[in-house]
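Structure first, commentary second.
The values are calculated or read from the model by the stated rules, or taken from the named source; none is laboratory data. A quick note: this is a predicted structure, and the numbers were derived from the prediction, not measured. As a convention, Cβ positions derive from the backbone with ideal geometry for all residues, glycine included, and neighbour counts pool all protein chains shown.
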Amino acid sequence: MLSLIVDSRREKYAMKIKSLAILAGLSMLSIGLTTGLGNRANINADAATPVMLAQRSRPFFYQENGIAIGGTDPVAYFRQGQAVAGSPQITHRWGNATWQFSSAENRDLFANNPERYAPQYGGYCAWAVSQGYTARTDPNAWKIVDDKLYLNYNRRIQGRWEGDITGHIDRANENWPKVLNC
(Lines give C-alpha, C1' and ligand atoms only; values in the text may rest on other atoms or scores of the structure.)
Protein backbone atom coordinates (compact mmCIF):
# COMPACT_ATOMS: atom_id res chain seq x y z
CA MET A 1 0.00 0.00 0.00
CA LEU A 2 2.83 2.37 0.89
CA SER A 3 4.46 1.78 -2.51
CA LEU A 4 1.20 2.77 -4.27
CA ILE A 5 1.11 6.05 -2.34
CA VAL A 6 4.78 6.74 -3.16
CA ASP A 7 4.21 5.92 -6.85
CA SER A 8 1.16 8.20 -6.93
CA ARG A 9 3.15 11.06 -5.39
CA ARG A 10 5.99 10.51 -7.87
CA GLU A 11 3.54 10.72 -10.78
CA LYS A 12 2.04 13.96 -9.44
CA TYR A 13 5.53 15.38 -8.91
CA ALA A 14 6.59 14.39 -12.44
CA MET A 15 3.46 16.02 -13.89
CA LYS A 16 4.18 19.23 -11.97
CA ILE A 17 7.74 19.29 -13.32
CA LYS A 18 6.50 18.72 -16.88
CA SER A 19 3.93 21.50 -16.47
CA LEU A 20 6.57 23.90 -15.15
CA ALA A 21 8.89 23.03 -18.03
CA ILE A 22 6.12 23.74 -20.54
CA LEU A 23 5.28 27.04 -18.83
CA ALA A 24 8.95 28.03 -18.79
CA GLY A 25 9.24 27.27 -22.50
CA LEU A 26 6.13 29.30 -23.28
CA SER A 27 7.41 32.17 -21.14
CA MET A 28 10.71 32.14 -23.03
CA LEU A 29 8.81 32.17 -26.31
CA SER A 30 6.65 35.04 -25.10
CA ILE A 31 9.72 37.02 -24.06
CA GLY A 32 11.36 36.30 -27.40
CA LEU A 33 8.30 37.39 -29.34
CA THR A 34 7.94 40.63 -27.39
CA THR A 35 11.62 41.49 -27.82
CA GLY A 36 11.56 41.02 -31.57
CA LEU A 37 12.63 37.40 -31.95
CA GLY A 38 9.32 36.49 -33.49
CA ASN A 39 9.28 38.81 -36.46
CA ARG A 40 10.46 37.82 -39.92
CA ALA A 41 13.33 40.25 -39.64
CA ASN A 42 15.01 37.95 -37.16
CA ILE A 43 14.03 34.45 -38.17
CA ASN A 44 13.45 32.40 -41.23
CA ALA A 45 9.81 31.54 -40.55
CA ASP A 46 10.00 28.53 -42.86
CA ALA A 47 12.98 27.04 -41.01
CA ALA A 48 12.35 28.01 -37.38
CA THR A 49 9.57 26.93 -35.08
CA PRO A 50 8.49 28.39 -31.73
CA VAL A 51 10.05 25.37 -30.02
CA MET A 52 13.39 26.10 -31.71
CA LEU A 53 13.18 29.70 -30.52
CA ALA A 54 12.48 28.67 -26.93
CA GLN A 55 15.12 25.91 -26.87
CA ARG A 56 17.88 27.51 -28.92
CA SER A 57 21.27 27.07 -27.26
CA ARG A 58 22.99 30.13 -28.79
CA PRO A 59 21.77 33.73 -29.22
CA PHE A 60 20.35 34.47 -32.64
CA PHE A 61 22.93 37.23 -33.14
CA TYR A 62 26.61 36.74 -32.38
CA GLN A 63 27.29 38.82 -29.31
CA GLU A 64 29.72 39.27 -26.48
CA ASN A 65 28.30 40.61 -23.21
CA GLY A 66 25.05 41.42 -25.02
CA ILE A 67 26.80 43.55 -27.68
CA ALA A 68 26.15 42.38 -31.26
CA ILE A 69 29.07 41.65 -33.61
CA GLY A 70 31.71 42.83 -31.17
CA GLY A 71 30.46 46.41 -31.11
CA THR A 72 31.26 47.01 -34.78
CA ASP A 73 28.93 49.42 -36.61
CA PRO A 74 27.09 47.25 -39.21
CA VAL A 75 26.03 50.26 -41.28
CA ALA A 76 29.63 51.41 -41.72
CA TYR A 77 30.43 48.35 -43.84
CA PHE A 78 27.91 49.62 -46.39
CA ARG A 79 28.52 53.36 -46.13
CA GLN A 80 32.25 53.56 -45.42
CA GLY A 81 33.42 50.29 -46.91
CA GLN A 82 35.24 49.21 -43.78
CA ALA A 83 34.83 47.90 -40.25
CA VAL A 84 34.34 50.81 -37.85
CA ALA A 85 34.03 50.46 -34.09
CA GLY A 86 30.71 51.54 -32.70
CA SER A 87 30.30 53.69 -29.61
CA PRO A 88 28.74 52.47 -26.36
CA GLN A 89 26.94 55.84 -26.28
CA ILE A 90 25.24 55.34 -29.68
CA THR A 91 23.20 52.14 -29.54
CA HIS A 92 20.02 50.50 -30.71
CA ARG A 93 18.37 47.42 -29.21
CA TRP A 94 17.15 44.93 -31.82
CA GLY A 95 16.94 41.15 -32.10
CA ASN A 96 17.62 40.65 -28.40
CA ALA A 97 21.04 42.31 -28.73
CA THR A 98 22.51 45.79 -28.39
CA TRP A 99 24.03 47.18 -31.58
CA GLN A 100 26.63 49.96 -31.44
CA PHE A 101 27.17 52.65 -34.07
CA SER A 102 29.83 55.19 -34.96
CA SER A 103 27.23 57.92 -35.56
CA ALA A 104 23.64 58.75 -34.77
CA GLU A 105 22.96 58.81 -38.51
CA ASN A 106 24.11 55.18 -38.87
CA ARG A 107 22.06 54.20 -35.82
CA ASP A 108 18.95 55.78 -37.32
CA LEU A 109 19.50 54.08 -40.69
CA PHE A 110 19.79 50.73 -38.91
CA ALA A 111 16.76 51.38 -36.68
CA ASN A 112 14.63 52.16 -39.73
CA ASN A 113 15.70 49.02 -41.63
CA PRO A 114 17.75 46.58 -39.52
CA GLU A 115 17.32 43.70 -41.99
CA ARG A 116 19.16 45.78 -44.60
CA TYR A 117 22.29 46.21 -42.46
CA ALA A 118 22.42 43.28 -40.06
CA PRO A 119 24.91 40.59 -41.07
CA GLN A 120 23.70 37.29 -42.47
CA TYR A 121 23.55 34.25 -40.19
CA GLY A 122 23.26 36.42 -37.12
CA GLY A 123 26.80 37.70 -37.53
CA TYR A 124 28.29 34.24 -36.99
CA CYS A 125 31.04 33.10 -39.36
CA ALA A 126 29.49 32.52 -42.80
CA TRP A 127 31.99 29.77 -43.62
CA ALA A 128 31.32 27.95 -40.32
CA VAL A 129 27.55 28.10 -40.87
CA SER A 130 28.07 26.61 -44.34
CA GLN A 131 29.93 23.75 -42.62
CA GLY A 132 27.13 23.17 -40.09
CA TYR A 133 28.32 24.99 -36.97
CA THR A 134 28.81 28.50 -35.61
CA ALA A 135 31.98 30.45 -34.85
CA ARG A 136 32.78 33.96 -33.68
CA THR A 137 33.82 36.54 -36.24
CA ASP A 138 36.57 39.06 -36.89
CA PRO A 139 35.13 42.46 -37.89
CA ASN A 140 37.89 42.81 -40.51
CA ALA A 141 36.95 39.55 -42.28
CA TRP A 142 33.87 40.68 -44.15
CA LYS A 143 32.34 40.95 -47.60
CA ILE A 144 29.15 42.39 -49.05
CA VAL A 145 27.58 40.08 -51.64
CA ASP A 146 24.30 40.98 -53.35
CA ASP A 147 23.85 43.83 -50.86
CA LYS A 148 24.14 41.48 -47.84
CA LEU A 149 26.87 41.56 -45.21
CA TYR A 150 28.78 38.35 -44.48
CA LEU A 151 31.32 38.02 -41.67
CA ASN A 152 33.96 35.32 -41.20
CA TYR A 153 36.13 33.97 -38.38
CA ASN A 154 39.32 35.53 -39.77
CA ARG A 155 40.82 36.51 -43.12
CA ARG A 156 42.25 33.04 -43.76
CA ILE A 157 38.81 31.47 -43.34
CA GLN A 158 37.34 34.28 -45.44
CA GLY A 159 39.72 33.22 -48.22
CA ARG A 160 38.28 29.68 -48.04
CA TRP A 161 34.75 31.08 -48.10
CA GLU A 162 35.59 33.27 -51.12
CA GLY A 163 36.76 30.16 -53.01
CA ASP A 164 33.08 29.26 -53.58
CA ILE A 165 30.94 32.10 -52.29
CA THR A 166 27.73 30.96 -54.00
CA GLY A 167 28.14 27.36 -52.86
CA HIS A 168 28.94 28.39 -49.27
CA ILE A 169 25.98 30.78 -49.16
CA ASP A 170 23.66 28.05 -50.48
CA ARG A 171 24.89 25.56 -47.86
CA ALA A 172 24.75 28.15 -45.08
CA ASN A 173 21.18 29.07 -46.06
CA GLU A 174 20.25 25.39 -45.71
CA ASN A 175 21.89 25.20 -42.27
CA TRP A 176 20.55 28.48 -40.86
CA PRO A 177 19.15 28.75 -38.17
CA LYS A 178 19.35 25.03 -37.33
CA VAL A 179 23.04 25.41 -36.45
CA LEU A 180 22.05 27.42 -33.39
CA ASN A 181 20.83 24.18 -31.83
CA CYS A 182 24.03 22.21 -32.51
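Report yes if Val129 is of a type in the set (A, V, I, L, M, F, W, C) and more than 18 Å from the chain's Cα centre (by Cα), otherwise no. Criteria not met by Val129. In the stretch 137-161, which residues are crowded, with 16+ Cβ neighbours inside 10 Å and either farther than 15 Å from Val75 by Cα or of a type in the set (A, V, I, L, M, F, W, C) (or both)? Once the filter is applied, which keeps residues that are crowded, with 16+ Cβ neighbours inside 10 Å and either farther than 15 Å from Val75 by Cα or of a type in the set (A, V, I, L, M, F, W, C) (or both), the stretch 137-161 yields Thr137, Asp138, Ala141, Trp142, Leu149, Leu151, Asn152, Tyr153, Ile157, Gln158, Trp161. Only residues that are among the polar types (S, T, N, Q) and either crowded, with 19+ Cβ neighbours inside 10 Å or at pLDDT 95 or above (or both): list them for the stretch 49-80, please. Those that are among the polar types (S, T, N, Q) and either crowded, with 19+ Cβ neighbours inside 10 Å or at pLDDT 95 or above (or both): Gln63, Thr72, Gln80.
Filtering the stretch 81-89 for residues that are surrounded by 23 or more Cβ atoms within 10 Å (Cβ to Cβ) and more than 20 Å from Glu162 (Cβ to Cβ) leaves a non-empty set.
Of Lys143, Lys148, which residue is touching a strand residue (DSSP E or B) at 6+ places or on another chain (Cβ under 6 Å) and basic (Lys, Arg)?
Of Lys143, Lys148, the one residue that is touching a strand residue (DSSP E or B) at 6+ places or on another chain (Cβ under 6 Å) and basic (Lys, Arg) is Lys143.
For the stretch 81-96, a residue qualifies if it is touching a helix residue (DSSP H, G or I) at 6+ places or on another chain (Cβ under 9 Å) and either under 17 Å from Pro139 (Cα atoms) or assigned to a loop (DSSP other than H, G, I, E, B) (or both), and the qualifying residues are Gln82, Ala83, Val84, Ala85, Gly86, Ser87, Pro88, Gly95, Asn96. Filtering the stretch 108-147 to residues that are part of a helix (DSSP H, G or I), without any contact (Cβ under 8 Å) to a residue 60 or more places away in the chain and in contact with a Ser or Thr (Cβ under 7 Å, 6 or more places away or on another chain) leaves only Ala128. Condition check for Trp161 on (1) among the aromatic types (Phe, Trp, Tyr); (2) in a helix (DSSP H, G or I); (3) in contact with a Pro (Cβ under 9 Å, 6 or more places away or on another chain): one failure, at (3).
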